[in-house]
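Before any comments, here is the structure.
Taken together, the values in this text are just the output of simple stated rules run on the coordinates, not laboratory data. Quick caveat, the model's predicted, so the values are computed rather than measured. Positions of Cβ are backbone-derived with ideal geometry, glycine not excepted, and every protein chain shown enters the neighbour counts.
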Amino acid sequence: MAPKDRGFERAAEQLLLDLYIAAPGARLRVEDRRKAAEVGALCARIRGLLPSRGTVAIVDLACGQGYAGIAAAHLVGSRASLVGVERSRERVQRCVKVADELGIEARFEVGEVASVPLPDRPDLVISLHACGDATDDAIQRLISLQARSALVIPCCHARLAGATPECFAKHGVLRRRWDVLRTDARRVLALEAGGYAVTVAQLVAPTVSPDNILFECRRIGPSKRATRARDLLVQAGGFEPPFTGPKPAVLPLDDA
Ligand SMILES: C[S@@+](CC[C@H](N)C(=O)[O-])C[C@H]1O[C@@H](n2cnc3c(N)ncnc32)[C@H](O)[C@@H]1O
């Protein structure tokens, strides 16, 4: 796991608070503080993943208003080149405005994570709470782009095929946790099968966000681990990466 860079963490938090909070001295909303803490914790990990020289290509998938990608690019400085992908035109306009204000070399595409043209072998792919199918699309995409590293904070979980053990099936809350764990375990296997060494960690405290699992990924290419993960993945859900089978339906958030 990349060592934490507390300087980057604090700088990212401050940047978000400065950029996205309307008036100086305005009271911060709880969600702004939470988002700043998440992005700060994410940015604390990036320096250890990036090359020390040359251009640093960063891709932010399902970037929303651009918090994570813009903060990362700003902290990397003039070497950074950012591409953000987001289906909402309005959010993309916001990203363009903020990146321009900061003088970041950036391009934002209105479109789908699965299909927008992107540069091969980016240095870092970020996917922070990409909702609906977008976390799985982002995983598939970063594998096919052969990203050198990735920070994925998964969101939205699916009810997978296969029997749910009776003790879980009987109780809604347990069943949901079972589905969440299985979905995330399958995602990790997909990343490993796709050629990544993955560290799973807690990004922030659950009180900041319940979706607080981080997959920190470094590309290592074909390996015994990848072969094993592929076998486990097929056993676990019958999926061949990159997800050629039908996607499972995404669970509603309140399905407990
Ligand atoms: C929960 S928000 C997170 C935004 C941002 N990453 C952040 O953490 O602030 C999820 C974003 O993903 C976008 N999105 C969802 N599915 C997408 C897809 N398939 N392609 C592009 N954007 C998508 C939504 O429009 C939304 O802005």
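Laid out as a table, the results:
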| quantity | calculated |
| --- | --- |
| Signed unit charges on C-beta, dipole axis of the chain, positive-most listed residue CYS43, LEU28, GLY103 | CYS43 |
| Beta bridge orientation in the chain: antiparallel %, DSSP, nearest 5 | 40 |
| Residue-count net charge about ALA62 - beta-carbon cut-off 15 Å; Lys, Arg +1, Asp, Glu -1 | -3 |
| Förster radius 45 Å - calculated FRET efficiency between LYS170 and GLN93 (Cβ-Cβ, nearest 0.05) | 0.40 |
| Relative contact order for the chain, counting Cα pairs under 8 Å that sit 6 or more residues apart, in percent | 16 |
| Segment 126-242: relative contact order in percent, alpha carbon pairs under 8 Å with at least 6 residues between | 28 |
| Whether segment 135-240 is rounded, prolate or oblate, judged on the alpha carbon gyration tensor where a/c under 1.5 counts as rounded | oblate |
| Most positive-pole-ward Cα, VAL83, ASN212, ALA62, against dipole of the chain from beta carbon charges | ASN212 |
| Proxy reagent accessibility, fewest Cβ within 10 Å first, across ARG182, ARG228 | ARG228, ARG182 |
| Environment charge of LEU118, counting only residues whose C-beta is closer than 15 Å and scoring Lys/Arg +1, Asp/Glu -1 | -2 |
| Relative exposure of ASP60, ASP133, judged by other C-beta atoms within 10 Å (fewest first) | ASP133, ASP60 |
| Computed magnitude of the charge dipole of segment 42-124 (debye, nearest 20; Cβ of K, R +1, Cβ of D, E -1) | 200 |
| Expected 222 nm ellipticity per residue - DSSP helices of 4 or more, -39500 (n - 2.57), all of the chain, to 500 | -13000 deg cm²/dmol |
| Dipole magnitude of the chain about its Cα centre (Cβ charges: Lys, Arg +1; Asp, Glu -1), debye to nearest 20 | 580 |
| Placed amide H near ALA80: partners under 5 Å, 5+ positions off or other chain | VAL56 |
| Potential lengthening between GLU112 and SER78 on full extension [0.36 nm per residue; Cα-Cα distance subtracted] | 9.5 nm |
| Radius 12 Å from Cβ of SER88, net charge of other residues (Lys, Arg +1; Asp, Glu -1) | 0 |
| Separation of the LYS4 and ARG121 label points, Cα + 7 Å toward Cβ, nm | 3.3 |
| Leading residue at positive end of dipole, segment 131-220 (Cβ point charges), from LEU203, PRO165, THR135 | PRO165 |
| Net lengthening on full extension, ARG177/LEU102 (0.36 nm per residue, minus Cα-Cα) | 22.9 nm |
| Neighbour-count ranking [beta-carbon atoms within 10 angstrom, fewest first] of GLU38, GLU13, GLU101 | GLU101, GLU13, GLU38 |
